[in-house]
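The values are calculated or read from the model by the stated rules, or taken from the named source; none is laboratory data. If you're wondering where the values come from, they're calculated on a predicted model, not measured in any experiment. No Cβ is skipped: glycine too gets one built from the backbone with ideal geometry, and neighbour counts run over all protein chains shown.
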Amino acid sequence: MDQLKQTLDPLIDLLPEKARDYWPAIFAAAALVLLLVMLLVLRALWRVLFRRRTQEPAGWDREWTEHLAALPPPERSWGVRWMTVYHVPVRLRLVVVAPSGTESAVDATAVERLLDQLVPGLGEVARHDGPRIRVWPPQLSHRGFASTFYRRTIPPDPEGQPSRWVLAAGRAQVGRKPVLLGLALWADQPNMLGRIELEPHQWLDVLRIKSRQD
C-alpha cells in the first residue's frame, strides 16, 4: 500500500486537503467509473462492428410501411358477399403476402386466386373492395413476419383504444405451399379486436364470408 501511495502521491496532492486521507476510496470509485465507461464504449463498438448480417437496412422498413390513415376508403358499398372477423363485418383494405423461408416468390397478379384458395370467396371480396396488394420478399420466420407486419402497418388510432382497423397476420397453407399473409381490415364500427395472429388452421374459423342469402 505504501508503494502504491508513493506512486500516486502526485495525484493525491491534487485532492483537497480534507479528502487526502480517503484517497483509497476515491481512487477506487474513479477506477470503477472508468471501467464502466470503457464497458459501455466496448458494447457500442461491438453492436456497430458485429451486428447481425440479417439485420434489415434502415430504409427497408420505410419502403414497406403503410399508414392506414392514408389508404383510400372503399370506392363501392358492401357487395353481395362480404367478410366478417369474429362476426364483425369488415372491408379489405390491405393485403400483404410473402413467401415463407426458401419458397419461391409470390406472383402479385395471382394474389386474389391465392386468397380464394385460402378462404373460398375471399378473392371475390378482394376484387370488390379493391385493397392495396403488396408482395414482400421471403421471410424466414412466420412469427417474425407477424411482428414486422404489425410494426409496419400503422393505424391512426392510439394503441389500446377502440378502432375501426383490425390487423390479421400469420402463416397460411395453400395446398402444399406455405405463405405468410397480413390483412388490414376496416370495420363498420370501432372495436377492440386490434391485432390477431393466426395459424394455418385458424383462417377459415376467424374469417367468414357472408352473402345476402345467409
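Annotations for the structure displayed:
- Each residue in the stretch 66-89 was checked for being on the phi > 0 side of the Ramachandran plot and surrounded by 10 or more Cβ atoms within 10 Å (Cβ to Cβ), and 1 pass.
- Lone qualifier among VAL33, VAL37 - being assigned to a helix (DSSP H, G or I), outside the structural domain of LEU115 (by TED's automatic domain parsing) and modelled with pLDDT of 80 or more: VAL37
- All of (1) within 20 Å of LEU68 (Cα to Cα); (2) in contact with an Asp or Glu (Cβ under 7 Å, 6 or more places away or on another chain); (3) of a type outside the set (D, E, K, R) hold for PRO178 with one exception: (1).
- Lone qualifier among ALA19, ALA98 - being modelled with pLDDT of 80 or more and among the small types (Gly, Ala, Ser): ALA98
- Here the strands (runs of 3 or more DSSP E) wholly within the stretch 119-214 that include at least 1 residues being on the phi > 0 side of the Ramachandran plot and surrounded by 15 or more Cβ atoms within 10 Å (Cβ to Cβ) are 163-174.
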